[in-house]
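What follows draws every value from the coordinates through simple rules; no lab data is involved. Note that the coordinates shown come from a computational prediction; the quantities given were computed from them, not determined experimentally. When we count neighbours, we look across all protein chains shown, and the Cβ atoms used for this are built from the backbone with ideal geometry, even at glycine.
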């Protein structure tokens, strides 16, 4: 947060106390993505149309029910930003031709998982940013194709076991740096958030809502079924993702990246890893020191670079 | 009204302009590009009040078109061939949103091998999507049918997107004299877009394109879309009558040419019908009782009108400018499904595959088709399907193969 910004969210008790998003969705218990979407929706409000790509959250709107008080448009896995383009352009045309009133206007919000955001939908996202589309993109990132049973996606972290990376080392590749890819387009705003840090999240959504142009949010979404942990641990795992430095909370604005929550003391990454079944092979049957230390080294290197900058 | 010598592509652009399309998501592809360039020129010069956005793919283009139509503006877009195929997920996806708009497809054959030249395999891949399809044979028809297509798409009982198809090269790049109607007359025929209840507005929450659980609601909504497409038949008849009253040009769901007293009928879609009509005239001069039937509507398919015009004919030669691998001509199957079991159906229904990748169809080939019908009727035996492909053409291929062989075996080593 830059010093100049005046936020109405100074303390936890400033956060909205009523929940806009309805209960009873088919999301899994302890879904970190739904937690983030709840918090985001409370700030964005009901004058929104959510444009969705194929993923877990597609099941939020199942005929004839929706948890949203506003509107919803499902598109396809690859083209939610193009759907947002069509809606935004149409609303702008209707406003310009005075066929609707200003108060009938909507904020257009893309909602996709990491499968769409990091992979199939990257072309349509890149193009929407390049065209300067006035929209908010929310990616709930649970680091795999979660809705189909957690296969490896471009967001899967190194060493994680997925249903398609099942050997002793887990996934051999590395999580794609979508924040950097998005920021390289020089959009109005990019931020990482997590539902377990609601104040940081609220300030970022508040800020994004007040801006124009492409605004993109990645919410790390602890996933009980995909990451293999007890749903009650979801918020705790979120906290650990931040406290271990695995999930840096940051924002990009005007060419600058700012870290918004830097703990004074770091916890070792294994505190985060050992809570999750997808990393159990790092600890059992014996401790894989090399791989744990490799993951720690990467996190340390990231923060060392942040300090240098 | 003015008269101009314009291409089929320009005629399509005039249709969009006169329809006062609000929005055009676009993507270039040969042989369609001239449509979006023409419209872009008018938008830039202020002659047309339309917002154009250049998308990064046809998949995104159709997504944006459907999303904008669902928000409540009049949308125009255009594509061709591989572009239509790239968009295919959304071509099947958007009709269920019941948000009307018009897509002009400039037909071009599909890979592999790659070609720029026309046939109907591309547009027939969209046959079962929920888009209605109007097929044109002249540049005038392209302009007029684009206007009719908006009325059809937006008709209260239909509310589906419509594809207007014209053949690449033969229409897209061919100049013909076209009457360009007065904008005021078009405004009377086609009033401004009414999104009805399909629109996104603050305070009117709406969920579009949602999931259903189980087969019951799925079957219901899919069949409802089918029924809406069928409503396109009476709606089209009503709109075409309106158009004829206003502009004096008749566009029935079927074009029939000298078919009333014909014994033998050529059944052909698109611009090649104009070649076939010329052949019909010559055969008539020779005393053969030949006529032509051309479907303008492919979806909905005009089943009953076809049964009526073909009742009592001795034979029909279906010319398919497409090829369904492992089956044959698509129109042949479509027509067979309409005629089978009808007591007065023509006993001979012959299939000819021609015009693939823009291959011309010579007058003699139309004569030969009618001869085939004659012989089949005399022998009482249905003829096998036939590819229009001459000995000369085979020799051309053999020459290319000889070059390829020589280059591979004796070329640079």
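Observations, loosely collected:
- A single member of B:205, B:183, B:217, B:177 is more than 14 Å from chain A (Cβ to nearest Cβ) and either in contact with a strand residue (DSSP E or B) (Cβ under 6 Å, 6 or more places away or on another chain) or more than 23 Å from residue B:104 (Cβ to Cβ) (or both), and it is B:177.
- Restricting A:70, A:86, A:33 to residues that are surrounded by 17 or more Cβ atoms within 10 Å (Cβ to Cβ) and more than 10 Å from chain B (Cβ to nearest Cβ) narrows the list to A:33.
- Of all residues in region B:80-103 being buried (at least 24 other Cβ atoms within 10 Å of the Cβ) and under 22 Å from residue B:320 (Cβ atoms), the one that is nearest to the other protein chains (Cβ to nearest Cβ): B:91
- If only residues of region B:254-291 that are in contact with a strand residue (DSSP E or B) (Cβ under 9 Å, 6 or more places away or on another chain) and on the phi > 0 side of the Ramachandran plot are counted, the one that is surrounded by the most Cβ atoms within 10 Å (Cβ to Cβ) is B:270.
- Comparison of B:4, B:19, B:12 shows that the only residue that is farther than 19 Å from residue B:116 by Cβ, buried (at least 19 other Cβ atoms within 10 Å of the Cβ) and touching a residue at least 60 places away in the same chain (Cβ under 8 Å) is B:19.
- Verdict on residue A:111 being more than 7 Å from chain B (Cβ to nearest Cβ), surrounded by 24 or more Cβ atoms within 10 Å (Cβ to Cβ) and within 23 Å of residue A:213 (Cβ to Cβ): yes
- Among the residues of region B:277-310, those identified as in contact with a helix residue (DSSP H, G or I) (Cβ under 9 Å, 6 or more places away or on another chain) and part of a loop (DSSP other than H, G, I, E, B) are B:286, B:288, B:289, B:296, B:300, B:301, B:302.
- Region A:1-34, subset in contact with a helix residue (DSSP H, G or I) (Cβ under 7 Å, 6 or more places away or on another chain) and assigned to a helix (DSSP H, G or I), residue nearest to residue B:204 (Cα to Cα): A:33
- Strands (runs of 3 or more DSSP E) fully within region B:19-119 that include at least 2 residues being touching a helix residue (DSSP H, G or I) at 6+ places or on another chain (Cβ under 9 Å) and over 23 Å from residue A:129 (Cα atoms): B:76-79, B:102-107.
- The residues listed here are B:348, B:370, B:361; of these, the one that is under 23 Å from the mean Cα position of the chain (by Cα) and touching a residue at least 24 places away in the same chain (Cβ under 8 Å) is B:361.
- Residues in region B:196-221 that are touching a residue at least 60 places away in the same chain (Cβ under 8 Å) and either within 25 Å of the chain's Cα centre (by Cα) or assigned to a helix (DSSP H, G or I) (or both): B:221 only.
- Within region A:73-83, being within 7 Å of chain B (Cβ to nearest Cβ) and under 20 Å from residue B:101 (Cα atoms) holds for A:73, A:74, A:75, A:76, A:79, A:82, A:83.
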